[in-house]
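Have a look at the structure below, then the notes.
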Amino acid sequence: MSLYGQAIDELVPVSSCQIAEATKLLENIFRSVNIALVNELKMVYGAMGIDIWEVIEAAKTKPFGFMPFYPGPGLGGHCIPIDPFYLSWKAREFDQHTRFIELAGEINTRMPEHIVHRVADALNSQRKALNGSKILLIGLAYKPNVDDERESPSYVLMDLLSERGATVEYHDPYIGMIRPTREHARFAGKKSVDWNAGNIASFDLVLIATNHSCVNYQQLADWAQCIVDTRNAMAAMRGAPGKVWKA
């Protein structure tokens, strides 16, 4: 209380450090599990031709008992993809099994593979192969409007696409150049592609991984050949439906 009170206006005291840490983990795990649920439903509903984004918009009109969570290409940052597994490890000391945590981790971790399959489908619809295609990834940061790329699924997407023979570049207004990382060292020094019609049109496909609000999505709709949208960023753009694949 003495430490945090110097920087934070409203503090919520609890009875012990264990309660405080368990509270943080509960909040992180709550988000992880619910994001995994909508990610799984996205794949299930997608196979049925049902738009998960429209379903969520309708469901959140209920005035009680529902809290919207949104699907995406995977989880990033430290809190949600990593912290819950501290509890999984500790729980084993007490002969407890954290099935929700582990299942949510499995679902969220496999989302980049699902996105890559959607990219391949979108390219195939244009009679193009993933191998040899030029792909522009929009958003390196793990969430919108920040420059934090820790554990970002965008790196996993770049790895998977590169391994399949694609040439991958990125555009992120918050991250001008990729810093050295332990897991993705080969991308260090790669620079964000400039935003202009010629650059965007030169790519076979644009993959929206992070929906920064400062990106002009109408220009993207006008300039890009094909778009795979993991964040529903293109939903309201004019002239986009024929070239946009939701993923």
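Read the figures in this text as sums done on the coordinates, not as results from a lab. Note that this is a predicted model, so its numbers are computed, not measured. Here the Cβ is made from the backbone with ideal geometry for all residues, glycine too, and neighbour counts use every protein chain on show.
Most tightly packed first, judged by the mean number of other beta-carbon atoms within 10 Å of their residues, the peptides 53-61, 223-231 read 223-231, 53-61.
Using the number of other C-beta atoms within 10 angstrom as an exposure proxy, rank 117, 184, 212 with the fewest first.
In increasing order of surrounding Cβ atoms, one gets 117, 184, 212.
In plain terms, the C-alpha convex hull of the chain casts an average shadow of 16.6 nm² when viewed from every direction. Reported to the nearest whole Å, the Cα centre-to-centre distance from segment 149-174 to segment 72-101 is 25.
Residues in segment 35-45 carry Karplus couplings, in order, of 5, 4, 4, 6, 5, 5, 5, 4, 5, 5, 5 Hz; the curve used is 6.51 cos²θ - 1.76 cosθ + 1.60 with θ = phi - 60°, and Gly or Pro positions show x. Applying a DSSP loop filter and a limit of 11 other Cβ atoms within 10 Å to the trypsin sites (Lys or Arg not before Pro) in segment 127-176 leaves 127.
How far is helix 99-109 tilted off the main Cα axis of the chain, in degrees rounded to 10, range 0 to 90? In the chain, helix 99-109 runs at an angle near 20 degrees to the longest axis. Mind checking segment 146-231 for GluC sites (Glu not before Pro) that DSSP puts in a loop (not H, G, I, E or B) and that have at most 11 other Cβ atoms within 10 Å? Those that pass, being in a loop and sparsely packed, are 183.
Applying 1/(1 + (r/R0)^6) with r as the Cβ-Cβ distance of residue 164 and residue 190 and R0 = 30 angstrom yields a FRET efficiency of 0.95.
Express the relative contact order of the chain as a whole percentage, based on alpha carbon pairs under 8 Å and six or more residues apart in sequence.
Working: 376 pairs, mean separation 40.9, N = 247.
Relative contact order of the chain: 17 percent.
Segment 1-65 and segment 188-226 have their alpha-carbon centroids 30 Å apart. Here's the list of aspartates and glutamates a cross-link from residue 90 could span, going by alpha-carbon distance under 15 Å and ignoring same-chain residues fewer than 8 apart: 21, 102. Going from the fewest other Cβ atoms within 10 Å to the most, the residues 92, 182, 118 appear in the order 182, 92, 118.
State to the nearest 20 debye the size of the charge dipole of the chain about its Cα centre, where the only charges are +1 on K and R beta carbons and -1 on D and E beta carbons. Write down the numbers at each step before the final one.
Details: 25 positive and 28 negative charges, 120 e Å.
Using Cβ point charges on Lys, Arg, Asp and Glu, the chain gives about 580 debye.
Can you pull out the chymotrypsin sites (Phe, Trp or Tyr not before Pro) in segment 73-131 that DSSP calls coil and that have at most 10 other Cβ atoms within 10 Å? Listed in order of number, the matching sites are 94.
Among 1-8, 29-36, 232-239, the peptide with the highest mean count of other Cβ atoms within 10 Å heads the list, and the full ranking is 29-36, 232-239, 1-8. Evaluating kT/(6 pi eta Rh) at 37 °C and 0.692 mPa s, with the Kirkwood radius of segment 111-246 over Cα pairs in the Stokes-Einstein relation, gives 223 µm² s⁻¹. When the alpha carbon gyration tensor of segment 11-133 is reduced to an equivalent ellipsoid, the three semi-axes, largest first, read 34, 20, 12 Å. A Cβ-based charge dipole, computed about the Cα centre of segment 167-222 with Lys and Arg at +1 and Asp and Glu at -1, lands at about 340 debye. Legend: residue pairs 134/190; 24/190; 62/243; 143/190, Cα-Cα distance threshold 27 Å; pairs beyond threshold, 24/190; 62/243.
When DSSP beta bridges are restricted to pairs lying wholly in the chain, around 5% turn out antiparallel.
What shape does segment 1-65 take by its C-alpha gyration tensor, where a ≥ b ≥ c are the square roots of the eigenvalues and a/c under 1.5 counts as rounded, a/b above b/c as prolate, and the rest as oblate?
prolate
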